[in-house]
1. Principal axis lengths of the stretch 1-75 from Cα atoms, whole Å, largest first?
2. Note the full-extension length gain between THR2 and SER15 as 0.36 nm times their separation in residues minus their Cα-Cα distance, in nm to one decimal.
3. Going by Cβ distance under 4.7 Å, what cysteines of the chain have no possible disulfide partner?
4. When the convex hull of the C-alpha atoms of the stretch 63-112 is computed, what volume per residue in Å³ does it have?
5. Under 15 Å from the 7 Å Cα→Cβ point of VAL268, by amide nitrogen: which residues of the stretch 229-251?
6. Per residue, how much accessible surface does the stretch 21-74 expose to a 1.4 Å probe? Answer in Å², no decimals.
7. I want to make sure I understand the PRE zone here: with the label point 7 angstrom from the Cα of ASN123 toward its beta carbon, which residues in the stretch 177-200 have backbone N atoms less than 11 Å away?
8. Test of understanding: in a Gaussian network model of the chain with alpha carbons linked when under 10 Å, which of GLY171, GLY32, GLY239 would top the mean-square fluctuation ranking?
Amino acid sequence: ATTTATGCVNTMTGSVTINIDPLPNAYTVMGGGNYCSGGTGVDVNLSNSDAGVIYQLINGAGPVGTALSGSGSSIDFGMQTVSGIYSVIATKTTTGCTNAMGSTVTVGINPLPTVFTVGGGGNYCAGGAGVHITLSGSNTGITYQLKNGATPVGSALPGTGLALDFGSITGPGTYTVEATNNTTACVNTMSGTANVVVNPLPTVYSVASTSSTYCSGGGGVNIWLNNSDAGITYQLYNGSTTVGSALSGTGSLVNFGYQLAAGSYTVVARNPATGCTNLMASGVTIVVNPLPVVYTVTGGGGYCNGGAGVNIGLSGSNAGVSYQLM
């Protein structure tokens, strides 16, 4: 101390020491990134750490979880699900000196594809074209994959902003649609399912008949089906024209009776519950043979006992026909 008027100087008693404590070492904050909404988040970690230093993860200005103690190796702050800019502040436990790590990471949440409704499906008869499955809407930049259980069916369709039709589907099963964002790879399952059921056709049995021809004016040809099933109806056709009413199956032979009209006869079986039909095996072609042309018997008359008799003739005849005098 120096008195300004006299210039006298005196040293004060005691002393103090100032130490400059080093800040915690700065390491790199790593991880972060985007994840799909509803997912488990993304990992945030620190490239290294020091013993005697605690590290607090920060989202914006707020702490996240509990500070972790340094170990001399990297630190993992676990999966983070809240969007924001993440940083880490290190604090030395002995001096209280703090230091913000020299980098940050960002956590973003990508939205899932919009949910639309799966429609269509239904029942169809075996051997048919199948049934259509649709989606009520779509978005550009999204692809939509039809699945039967866990198995993809066909190629994924690009979204158009309109409803989608996956075409005629023939495989039985329960169908869903999975949408994928082409940019973020976020996946979402669309609402609802479509069921496809394949109804079997009626069992095929053989059509039979007593013969294939009869003479004009005769009783016709009897036609039957050699077996049948309960719950199935059987319709006789002559060409494309129905003959009589359909007959119900009994589990045994079905007889359509005697048929007089010439033509090609078939039988179609129908399941009334499903609407499925099936053509029975074989068929019967009936040919009605014409009778011989009628001519006039001529001659006859009286003759004298012991004479040569009288001549009997026929006014005409046809080749291939034999004529018996009776």
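1. 81, 26, 19
2. The THR2-SER15 span can extend by a further 2.9 nm.
3. Singleton cysteines: CYS8, CYS97, CYS215, CYS304.
4. In the stretch 63-112, the Cα hull volume divided by residue count equals 98 Å³.
5. The answer is 233-247, whose backbone nitrogens lie closer than 15 Å to the label point.
6. 48
7. Under 11 Å, as judged by backbone N against the label point of ASN123, lie 197-200 of the stretch 177-200.
8. GLY239
The values are calculated or read from the model by the stated rules, or taken from the named source; none is laboratory data. Predicted, not measured: the structure shown is a model, and the values here were computed from it. Neighbour counts are summed over all protein chains in view; Cβ atoms, including those assigned to glycine, are modelled from backbone coordinates with ideal geometry. Remember, those area values only see protein heavy atoms, side chains included, never the ligands or the DNA or RNA. Shrake-Rupley method; radii C 1.70, N 1.55, O 1.52, S 1.80 Å.
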